[in-house]
Amino acid sequence: MGGGLMQLVAYGAQDIYLTGNPQITFFKVVYRRHTNFSMEAIEQTINGTVANNARVTVTVSRNGDLVGRCYLQSTCASTQVLNSAVTNLSSVELEIGGQRIDKQSGHWMEVWAELTENKTGRAVGTNFQTMSGYGAAVANNTANAATDAAVGSQCAFILVDQASAIQWTPLQFWFCRNPGLALPLIALQYHEVKLIFNFASAVTHDGHKVWCEYIYLDTDERRRFAQVSHEYLIEQVQEQSVSASTSQQSEDLNFNHPVKELVWAGGFSSGALTPFAGAQSETVLLKLNGHDRFSAREARYFSKVQVYQHHSAEGGFVDMSLGVYSFALKPEEHQPSGTCNFSRIDNAQLTFSSGFETAGSIYAVNYNVLRIMSGMGGLAYSN
């Protein structure tokens with residue numbers, strides 16, 4: 001009897017829990033048919049001129065039925081800057097019918113990339129989720145890297161040694177990250193969708209373009225999307241600034257809605273930074289209505305263990321200037337797996353035993369509901 005057959009007949013009572021009354025097989029592929037669709041990325045018109053501290057608007061054109069992934073394309077001159085794609089962008093806002101639905105800073109995009117990206121095989125830098133068509137023309141200048149700086153395991157300078165190197169910055173709104181949440185333009189007949197870009201005080205890129213990926217539906221599904229009302233469970237990012245301090249620092253958290261995780265991070269700088277003055281001895285404590293949510297823990301618990309447990313990034317490579325506390329089992333997934341409803345908390349306070357050595361931000365990632373009906377869209381719950 002061959003070894004494989006011997007294993008096959010070595011079957012006992014315990015195996016019933018694993019293979020008794022089987023429901024699947026690994027040796028016959030089962031698939032499901034999907035609705036007919038197609039996709040196309042189309043350049044948008046930028047209203048305004050990109051410059052230092054400029055605010056420009058993109059009205060998303062109605063080229064397709066749904067809109068999904070969006071990118072900001074820019075051309076970087078031959079220069080050396082720190083996290084160039086991020087530091088050029090102060091924030092980007094999403095408006096539907098004149099109502100702000102979400103706002104995300106360039107700093108948050110960097111933080112999110114730190115938490116969700118694998119650190120190996122990067123095309124550009126060690127920090128930000130950008131892609132380059134120039135290969136070796138864009139690379140880390142590790143000789144001048146600020147190894148302990150802001151929010152990365154290595155906050156490295158990006159050395160662009162060839163003029164006109166193109167970078168694409170992916171926007172991180174809920175509909176950009178999940179095709180099942182693509183924004184139904186066909187159901188927003190009376191409301192315009194706008195992207196508002198607020199640029200930083202020192203813009204080093206030029207040649208900016210905005211690309212949106214459209215989804216075209218077949219006749220029956222297109223009719224359904226246009227005629228019925230929609231309710232989408234969406235994600236938003238709330239941000240609160242933190243000033244620098246060398247003593248114990250308690251920050252009142254003015255957040256709302258069901259929050260699935262809190263994230264804090266130091267700000268950007270061209271020099272080496274660690275926002276925790278106490279470094280390894282720094283502790284963090286969260287209080288809800290005067291009660292400790294958890295006992296005070298070392299900063300490394302939030303930058304190592306919490307990241308390891310709840311995010312895709314390697315926790316060992318996330319600098320201590322970035323901290324996470326997750327109420328959810330899997331905060332990166334759209335499926336809810338745990339929240340804390342800050343709308344029902346009267347007083348929330350995050351305390352750092354030695355303060356933030358440099359100014360930074362505290363973020364809350366929350367759920368909300370976007371309702372679309374009668375050609376218009378808006379939030380079910382305001383702040």
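Values in this text are rule-based calculations from the coordinates and carry no lab data. The model shown is predicted, which means the values in this text are computed figures rather than measured ones. All Cβ positions, glycine included, derive from the backbone under ideal geometry; neighbour counts span all protein chains shown.
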May I ask you to list the GluC sites (Glu not before Pro) in segment 181-261 that are in a DSSP loop and have at most 16 other Cβ atoms within 10 Å of their Cβ? 192
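Name the GluC sites (Glu not before Pro) in segment 289-383 that are in a loop by DSSP and that have at most 13 other C-beta atoms within 10 Å, would you? Show your work: numbers first, answer last.
Details: sites: 298, 314, 332, 333, 357; in loops: 314, 332, 333, 357.
Passing sites in segment 289-383 are 333.
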Before anything else, pin down the relative contact order of segment 162-251: Cα pairs under 8 Å, at least 6 apart, normalised by residue count, whole percent. 40 percent
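Between residue 18 and residue 61, what FRET efficiency comes out of the Förster formula 1/(1 + (r/R0)^6) with R0 = 51 Å and r the beta carbon distance, rounded to 0.05? Write out the running numbers ahead of the final one.
Working: r = 54 Å, r/R0 = 1.06.
E(calc), rounded to 0.05, equals 0.40.
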Please identify every one of the chymotrypsin sites (Phe, Trp or Tyr not before Pro) in segment 1-48 that sits in a loop by DSSP and has no more than 16 other beta carbons within 10 Å of its own beta carbon. 11, 26, 27, 31
Measuring from label point to label point, each 7 Å out along Cα→Cβ, what is the residue 335 to residue 25 span in nm? 2.6 nm
